[in-house]
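Asker: One structure, as structure tokens, below. Some questions next.
Just so it is clear, none of the values below were taken in a lab; they were calculated from the coordinates. What you are looking at is a predicted structure, and each value in this text was computed from that prediction instead of being measured. Cβ sites come from the backbone with ideal geometry, for glycine too, and all protein chains shown count toward neighbours.
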Amino acid sequence: MGLVSKIIGFLIAAAGGFLIYWGSLPGMEAWSMILFLVGITVVAIGSSLLFAGRGQEEPEPEPPTVTELQCQEQDCDFKEIRDFKKGDFILKEVEQECPKCQGLMMIEGIYIVRKEEETPQF
């Protein structure tokens, strides 16, 4: 919310406070309850305009998911990590050939990459 809505919210809340005060003056017994309730309502509306937009944080993006591919040939130890694709599952044979020996590649794992929290060093 912008500065203008904050100023308007403050003015409306102040007007509600004035209505509450005015309803508590002597000689206003007949109108005191009505002015008090209207004042409370106006203060609530002004406060909602004044404090709107606070506490909203940007949602944190989801951590990336990666797929680990491994060559299935006995004498080849080639591994590759790539971005997760829809339809990936563990032990799925992929159409991609091993760049080292042109053997069959299989999905060995699917992982979510999490950002490590920094630990304070003393």
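Asker: Quick check on Leu69: is it surrounded by 15 or more Cβ atoms within 10 Å (Cβ to Cβ), under 26 Å from the mean Cα position of the chain (by Cα) and not aromatic (Phe, Trp, Tyr)? Walk me through how you get there before you give the answer.
Answerer: Values: surrounded by 15 or more Cβ atoms within 10 Å (Cβ to Cβ): yes; under 26 Å from the mean Cα position of the chain (by Cα): no; not aromatic (Phe, Trp, Tyr): yes.
So Leu69 fails the test.
Asker: Quick test of your reading of the structure: Tyr111 fulfils all but one of (1) loosely packed, with under 15 Cβ neighbours inside 10 Å; (2) over 24 Å from the mean Cα position of the chain (by Cα). Name the failing condition by number.
Answerer: (2)
Asker: Of all residues in the range 49-98, how many are at negative phi and touching an Asp or Glu at 6+ places or on another chain (Cβ under 9 Å)?
Answerer: Looking only at that region, the number is 17.
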